[in-house]
Amino acid sequence: MSKLLRTFLVFGAMCVFALHSGVATANDFTVEVVVANPGDSQRSSAYWLALNRVLQREMPPGAIDEAQRKEILREPSRYVQSFRYRAFDVGRDSSRLATRQVREGEPADSVVAVTFPATLLGNIQRQFQAPVIEEVVTPGSGRILALVAVEQDTDQFLIGGTRATKFQSRMIQLGAANNMAFEFPLLDDADQALLTPSNVLFYDQAVVDAMAEKYQASGSFTGALVRLSEQSWQSDWHYRVAGAEAQTLSLTTRSLDEALLTAVTEIANMNGSTSGYLSGVGGFNRSGVAIRVENINSLSQHQQVLALLRSIESTVVTEALEPGATVFRAPDADSFSLQQRLSSQTALSPQVSSGVGQSSESLTYRLR
């Protein structure tokens, strides 16, 4: 892996982001791309198309060679500052950049505005021409306490202090770009006397609130990140800030960076940071069947149920967490055929449906 992919943004660039208001400035690069749906695959295609367009139009001739260009485009989400959805308007958007699916005839569903920072081109050039500069993270410098725990290959740990400073820098950068000021805990002896990875992985609200009070933070943003496979991460996020509605979000993504980018942007959208666009979670993706599963009490049980559902319907994703239940969604299925296929398994017992989902069918099960 190249130095560019290992370390992208230095602290100086991060400080520039902290001055932003949370919406794209005149100096940022924003490219709008028409997508067939607001799902992860189409959004990833939009990232690639948008970054490629910026490189074509803005990068000075000869600044990077073709091999370097391909390396940059290999993981475009690493360079994205934020993304916003809005409804597709045929009169306004018919001639816009579009994903392959739309170009090949799929109906256009929405438009995603992908924003890259004003420092993008300079940082890319410096990464190829100069030694890598390590990021510097100063805990205690923000307002929303970020408590993030990772479970990977049976190892559980908290992010903060001197651990995973690049992760911290990226999250602080994304927060600043979305009008959210994050800080990470010091994880000194006093912190570790109050907080363990399990408190975050299973969201112990009392402990989270105690940590936020200790740091005199205005609120908390917790993330429980679990590695499912080489290219799959499950993450659960909780956002609680005075004066704003509490939010929860569950994601399955291909990388940690995609989880961070999606979580921060979606939570910002839910709380109205940029009213001109709709959140992909809040405004779209309510087709298919909602599957409400009760009695899931741990992340390992969640993984077990998700794997079971995907063995029956590969498109199943985690949609939301509720008290006493987890809601999954099969966007391409119908309830009758899905219920028939689920009848052959023994881990989930069918329950009377509770009507989950505002505009689609739903099924309710209980984990035995």
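The values are calculated or read from the model by the stated rules, or taken from the named source; none is laboratory data. These figures come from a predicted structure and were not determined experimentally. Cβ sites come from the backbone with ideal geometry, for glycine too, and all protein chains shown count toward neighbours.
Find the residue count for the range 33-72, including only residues that are closer than 30 Å to R329 by Cα and in a helix (DSSP H, G or I). If you could, list the steps in order and put the result at the bottom.
Of the residues in the range 33-72, the ones closer than 30 Å to R329 by Cα are 33-50.
Imposing the further condition that a residue be in a helix (DSSP H, G or I) reduces the set to 40-50.
Going through the range 33-72 one residue at a time, the tally reaches 11.
Restricting attention to the range 284-315, the residues that are modelled with pLDDT under 80, part of a helix (DSSP H, G or I) and in contact with a helix residue (DSSP H, G or I) (Cβ under 9 Å, 6 or more places away or on another chain) add up to 1. Reported count of residues in the range 140-168, each being outside any loop (DSSP other than H, G, I, E, B) and either acidic (D, E) or over 23 Å from A190 (Cα atoms) (or both), is 4. Residue selection: D257 fails the criterion of being part of a strand (DSSP E or B), in contact (Cβ under 8 Å) with a residue 60 or more places away in the chain and not assigned by TED's automatic domain parsing to the domain that holds V33.
Being touching a Phe, Trp or Tyr at 6+ places or on another chain (Cβ under 6 Å) and closer than 24 Å to M171 by Cα: is that true of R74 here? Spelling it out, it is not the case that R74 is touching a Phe, Trp or Tyr at 6+ places or on another chain (Cβ under 6 Å) and closer than 24 Å to M171 by Cα.
Residues of the range 208-261 that are of a type in the set (D, E, K, R) and in contact with a helix residue (DSSP H, G or I) (Cβ under 9 Å, 6 or more places away or on another chain): K214, R227, D236, R240, E245, R254, D257, E258. Taken together, S169, S229 contain a single residue that is surrounded by fewer than 21 Cβ atoms within 10 Å (Cβ to Cβ) and hydroxyl-bearing (S, T, Y), which is S229. Quickly run through the range 316-368 and pick out the residues that are at pLDDT 80 or above and in a loop (DSSP other than H, G, I, E, B). Matches in the range 316-368: A333, D334, S343, S344, Q345, T346, A347, R368. Residues in the range 73-99 that are in a strand (DSSP E or B) and either over 19 Å from A259 (Cα atoms) or without any contact (Cβ under 8 Å) to a residue 12 or more places away in the chain (or both): R86, A87, L97, A98. Any residue at all in the range 122-137 that's modelled with pLDDT under 85, farther than 30 Å from Q42 by Cα and crowded, with 18+ Cβ neighbours inside 10 Å? Yes, some residue in the range 122-137 is modelled with pLDDT under 85, farther than 30 Å from Q42 by Cα and crowded, with 18+ Cβ neighbours inside 10 Å.
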